[in-house]
Amino acid sequence: MTTRREFLVATAAALVPAAVEAQIDPNQAANRKAAFQAALRKIVGDSQLRRGRVKLELPPLIDNGNSVPLSVAVESPMTATDHVVAIHVLTEKNPLPDVVSVHLGPRAGRARLSTRVRLADTQSVLAIAQLSDGSFWSDSAEVVVTLSACLEEGLI
Amino acid sequence: MARAVVTFPAQAKRGEIIEIKTLAAHSMETGFRRTQTGELIPRDIIRRFSCTYNGTEVYRVDLHPAIAANPLIVFTTIATETGTLSFHWVGDNGYTATETAPIRVE
């Protein structure tokens with residue numbers, strides 16, 4: 001329940017200039033799309049990004065975007081001559097496109113990662129694997145997020 | 001003091017692939033949240049995690065604000081020789097955490 005004090009603080013906050021900055025930028029969607037493309041270019045460069053060999057696992061429906069189990073597995077023999085060098089995960093609509101980058105080698109045994117991430121919106125998530133021969137492989141997953149990370153927790 | 005938990009089998013056969021689970025206690029403040037008065041809460045996250053096996057780095061992760069609080073990282077490595085596995089977390093505001101544990105390989 002909102003107390004009288006909390007209401008007054010929130011009302012006062014709405015009037016100060018700092019809160020004006022907190023308003024959603026009208027170009028937000030376009031900016032995030034550009035940031036996603038820039039992050040993708042930074043990883044892949046001019047190489048071709050192909051589908052396959054990577055398996056990205058995410059629950060399709062997410063109640064709470066603050067903690068979402070994510071796992072990436074890449075098909076690779078993981079030998080000295082043929083192994084995965086890096087795994088990257090990117091999102092389209094989070095405030096920052098980068099989620100996680102993993103650097104590994106044949107000593108890892110398998111090219112795998114499991115972690116928990118934050119997702120700000122219903123969106124698609126992209127996992128990219130860079131192989132030792134310089135090729136890039138990817139997989140994407142569409143997720144529906146009902147309670148977003150970042151947005152609803154603006155006031156604490 | 002920074003707290004972290006690491007679990008993996010204490011002994012393994014030579015050449016076996018072992019799974020390692022790591023968990024660090026950290027709020028992973030994103031830097032996008034605001035207080036009730038509209039001030040931005042500064043970012044405070046773990047930036048990097050690395051695992052070394054007898055001094056050789058086998059796995060390194062760069063973390064971003066999109067990683068949930070108390071970052072969990074699960075990965076694998078090959079049990080090559082008896083020795084120690086050490087785990088290192090580095091973050092904003094001088095955060096560091098280190099864990100080491102022995103492994104016996106037969």
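Each residue in the range A:96-111 was checked for being under 20 Å from the mean Cα position of the chain (by Cα) and more than 7 Å from every other protein chain (Cβ to nearest Cβ), and 2 pass. Remark: A:Ala141 falls outside the filter, which requires a residue to be more than 29 Å from B:Thr52 (Cα to Cα), at pLDDT below 90 and among the aliphatic types (A, V, I, L, M). Has the range A:115-130 got any residue that is more than 17 Å from the chain's Cα centre (by Cα), under 21 Å from A:Arg41 (Cβ atoms) and not aromatic (Phe, Trp, Tyr)? Yes: one or more hits.
Go through the range A:112-121 and give me each residue that's out of contact with any Leu (no Cβ under 6 Å at 6 or more places or on another chain) and at the interface with chain B (Cβ under 7 Å from one of its Cβ atoms). Of everything in the range A:112-121, those that are out of contact with any Leu (no Cβ under 6 Å at 6 or more places or on another chain) and at the interface with chain B (Cβ under 7 Å from one of its Cβ atoms) turn out to be A:Arg112, A:Leu113, A:Ser114, A:Arg118. Among the residues making up the range A:38-85, a single one is loosely packed, with under 15 Cβ neighbours inside 10 Å, closer than 13 Å to A:Ser132 by Cβ and hydrophobic (A, V, I, L, M, F, W, C): A:Ala80. The set of residues from the range B:10-39 being closer than 25 Å to A:Ala73 by Cβ, of a type in the set (A, V, I, L, M, F, W, C) and in a loop (DSSP other than H, G, I, E, B) comprises just one member, B:Met28.
Residues in the range B:47-103 that are part of a strand (DSSP E or B), loosely packed, with under 15 Cβ neighbours inside 10 Å and of a type in the set (Gly, Ala, Ser): B:Ala101 alone.
The values are calculated or read from the model by the stated rules, or taken from the named source; none is laboratory data. Since the structure is predicted, the reported quantities are computational estimates derived from the model, not experimental observations. Cβ coordinates were reconstructed from backbone atoms using ideal geometry, including for glycine residues, and neighbour counts include every protein chain displayed.
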